[in-house]
Amino acid sequence: MSLLLRNAEVLFNDPVSVGLYHMGLRCPEIAARIQPGQFLMVRVLETLDPLLRRPFAVHRVYSNDPPTSFEILYRVVGRGTRILAEVLPRTSLSLLGPLGSGFRPPDQDGFMLMIAGGIGIAPLPFLAETLVESGLRGPYVLWFGGKSAGDLVCVEHFQNLGFAVELATEDGSAGRKGLVTQHLEKWMSRQAERPTMVYSCGPHPMQRQVAELVRQLGVKSQLSMEALMACGVGTCLSCSLRCRPPDRGQDLYYANVCQEGPVLLGEDIVWE
Amino acid sequence: MHNDESITLAVDLGPLRLKNPVMVASGTFGYGQEYATLVPPERLGAVVVKGISLEPRAGNPPPRIWETCGGMLNSIGLQNVGLRNFLQEKLPWLRPLPVPVVVNLFGNTVEEYGELAAKLNGQDGVNALEINISCPNVKAGGMVFGSDPRMVFRVVSAVRSRTSLPVITKLTPNVTDITITARAAEDAGTDILSLINTVSGMAVDVRNRRPRLANVIGGLSGPAIKPIALRMVWQVVQVAKVPVIGLGGIMTTEDALEFLIVGASAIQVGTANFVNPLVTLEIIAGLETYLRAQGFADIKEVIGTLELSERAAGTF
């Protein structure tokens, strides 16, 4: 697949909640090629500090035919995202992508469970739209957890797509009180059928618990993982994640999250 | 004014002839394929591949990277596919390239360096070897060898005696006087020197008081280290009889020119590839523009032409 380096026009860059922003970007070539779960490396500033590009998942692709624009959702967590939050519409931003291996459709139609923790919601609307549009009937359920109610953005969008949405917040300001993973196991035990596929994105400890739960249930899962990275294309070997080696042997093996991921099979990740 | 045809960027690095002085640094360009749709490798002066060891290496545990002001710390630990996979899976793609392919090599022992050199010697598609005795992120070999002039001599000798390919020795900046290790490599028969590898450094997360890198210490690269690299290249070209490749924080044409002016015969671009994958092509075009604007016809008219006042000349 060919790698594109393109300047995209910022269409909008607005807060959607405290510390959470969504940015619209116009770049027809990338919009037409990117797949759910893939990401872009964005140069937030043309100067050399901050030096490295920042990885962002594509949140939604606008469904023009062919698509020309898309959206990223990001949380301001450090210097790069602080600078990004100041970017004005009509600015040009350098994008490298589409990158990585994204979500794959399930082998068969059935119960699709998506799990998001905090900004881990970012890649899931694009996936949800793609699955629904492809004619898979579900049923679809989203479990979405955050620190407080303000983190739980774009819930309505999932509901409009036909998802049943279950919420949890650590402070109890919306949905159940506590972590998603604290409630998920009990909730699962009450469901009549097992998920055909679990799609999950969120902080590492959440992903680990999700992987453990699906292992116990014998359910397949695809986890979108996060890692610090420099290049995004598999040359710097920074974004390593301990995984089972491709030959399924016992050797110590680190996968490149940027290439083999960011979406990895839950069963392939070695949790340490 | 010169037109494009009359501008020449070709440089000679001892036995190695490059059509332009812009190479990529090992570990920042994979095995050439990764960026190929953006940067056709045949447009580069040479391609230097990720360091190869006899056996595959898994590398260091994550986190392996941390961005600092104008730079990045890394501690990859020489993760690589190993010699056999390189020869079977990577080299066939590199072989038809019309530009030199330089294989960066790494061993845990002096003998391993020699064995790698022997096994790469005569491999169709391998045009030169770059000895990595400067990686700060491994426990055996690497910088441990590169900072001790006696070990530098032994490693370079081991490689030299087992190959007829041009040998480049990549030096570490983590020494008091880099001219001593440069001379040791030269005495052992290196054809070319390349410098600098990354500068040892570290960073701490103050919230949990843990190091940012799992390996604690890593190697700093990027524009932050360019003045250090430039100074060391300048020092080495004063004493070296063999050609020098300059690298360390080169981000722009101007950076590349600084290295050439102080006396590097070629340059390598590393971390900048991550920031701007097109940077090598931009530097090649930028060098042509510079030559034309300055009224030069040949890049060799620029190499080693640092202008010093008489007083300054006496102080080095």
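The values are calculated or read from the model by the stated rules, or taken from the named source; none is laboratory data. From a predicted model like this one, the values you see are computed outputs, not experimental measurements. Quick reminder, even Gly has a Cβ in these numbers, built from the backbone with ideal geometry, and neighbours come from all protein chains shown.
For this structure, a couple of remarks:
- Inspection of region B:121-135 identifies at least one residue that is part of a loop (DSSP other than H, G, I, E, B) and within 21 Å of A:Y253 (Cα to Cα).
- When the strands (runs of 3 or more DSSP E) confined to region B:64-116 are screened for residues that are at the interface with chain A (Cβ under 10 Å from one of its Cβ atoms), those reaching at least 1 such residues are found at B:65-68, B:71-74.
- With respect to the stated conditions, A:G24 is away from chain B (no Cβ under 14 Å), surrounded by fewer than 20 Cβ atoms within 10 Å (Cβ to Cβ) and at pLDDT 95 or above.
- Condition check for B:E254: within 14 Å of chain A (Cβ to nearest Cβ) and surrounded by fewer than 19 Cβ atoms within 10 Å (Cβ to Cβ): yes
- Restricting B:G189, B:G222, B:G201 to those that are more than 23 Å from B:A128 (Cβ to Cβ) and more than 15 Å from the chain's Cα centre (by Cα) reduces the list to B:G201.
- Of all residues in region B:217-251, exactly one satisfies the criterion of being free of Cβ contacts under 8 Å to residues at least 40 places away in the same chain, of a type in the set (A, V, I, L, M, F, W, C), farther than 16 Å from B:S134 by Cβ and away from chain A (no Cβ under 14 Å), namely B:L230.
- Number of the condition not met by A:S69 [criteria: (1) under 25 Å from B:N273 (Cβ atoms); (2) away from chain B (no Cβ under 13 Å); (3) among the hydroxyl-bearing types (S, T, Y)]: (1)
Quick grid of which residues meet (1) of a type in the set (V, I, T); (2) farther than 30 Å from A:P246 by Cα:
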{"position": "B:S6", "(1), (2)": "no, yes"}
{"position": "B:K19", "(1), (2)": "no, yes"}
{"position": "B:V48", "(1), (2)": "yes, no"}
{"position": "B:L54", "(1), (2)": "no, no"}
{"position": "B:L78", "(1), (2)": "no, no"}
{"position": "B:N85", "(1), (2)": "no, no"}
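- Residues located in region B:3-31, provided they are in a loop (DSSP other than H, G, I, E, B) and either among the charged types (D, E, K, R) or more than 10 Å from chain A (Cβ to nearest Cβ) (or both): B:N3, B:I7, B:L9, B:A10, B:G14, B:P15, B:K19, B:N20, B:P21, B:A25, B:S26
- The criterion of at least 3 residues that are free of Cβ contacts under 8 Å to residues at least 40 places away in the same chain is met by the following strands (runs of 3 or more DSSP E) wholly inside region A:226-272: A:240-242, A:254-256.
- Lone qualifier among B:G51, B:G45, B:G82 - being on the phi > 0 side of the Ramachandran plot and not polar (S, T, N, Q): B:G82
Every residue, every condition in (1) within 30 Å of B:W66 (Cβ to Cβ); (2) at pLDDT 95 or above; (3) touching a Phe, Trp or Tyr at 6+ places or on another chain (Cβ under 9 Å); (4) not hydrophobic (A, V, I, L, M, F, W, C), yes or no:
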{"residue": "A:E86", "(1), (2), (3), (4)": "yes, yes, no, yes"}
{"residue": "A:I115", "(1), (2), (3), (4)": "yes, yes, yes, no"}
{"residue": "A:I119", "(1), (2), (3), (4)": "yes, yes, yes, no"}
{"residue": "A:P139", "(1), (2), (3), (4)": "no, yes, yes, yes"}
{"residue": "A:G146", "(1), (2), (3), (4)": "yes, yes, no, yes"}
{"residue": "A:D171", "(1), (2), (3), (4)": "no, yes, no, yes"}
{"residue": "A:A174", "(1), (2), (3), (4)": "no, yes, no, no"}
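- Residue that is surrounded by the most Cβ atoms within 10 Å (Cβ to Cβ) [pool: residues in region A:57-110 that are of a type in the set (S, T, Y) and closer than 21 Å to A:I121 by Cα]: A:Y74
- Selection status of B:L38, in a loop (DSSP other than H, G, I, E, B), away from chain A (no Cβ under 13 Å) and not polar (S, T, N, Q): no
- Only one of A:V153, A:V214 that is surrounded by fewer than 23 Cβ atoms within 10 Å (Cβ to Cβ), in the same structural domain as A:L127 (by TED's automatic domain parsing) and in contact with a strand residue (DSSP E or B) (Cβ under 7 Å, 6 or more places away or on another chain): A:V153
- Odd one out for A:F39, checked against (1) surrounded by 23 or more Cβ atoms within 10 Å (Cβ to Cβ); (2) touching a helix residue (DSSP H, G or I) at 6+ places or on another chain (Cβ under 8 Å); (3) within 30 Å of A:R194 (Cα to Cα): (2)
- Lone qualifier among A:M225, A:M229 - being within 14 Å of another protein chain (Cβ to nearest Cβ), more than 26 Å from A:E129 (Cα to Cα) and not polar (S, T, N, Q): A:M229
- Restricting region A:235-255 to residues that are more than 19 Å from the chain's Cα centre (by Cα) and within 20 Å of B:G27 (Cβ to Cβ), the residue that is surrounded by the fewest Cβ atoms within 10 Å (Cβ to Cβ) is A:L252.
- Listing of strands (runs of 3 or more DSSP E) fully contained in region A:99-215 that carry 1 or more residues being among the aromatic types (F, W, Y) and within 23 Å of A:I269 (Cβ to Cβ): A:140-146, A:197-201
- Within region B:77-116, the residues that satisfy the criterion of being within 17 Å of B:P41 (Cα to Cα) and touching a residue at least 40 places away in the same chain (Cβ under 8 Å) are B:K90, B:W93, B:L94, B:L97, B:P98, B:V99, B:P100, B:V101, B:V102, B:V103, B:N104.
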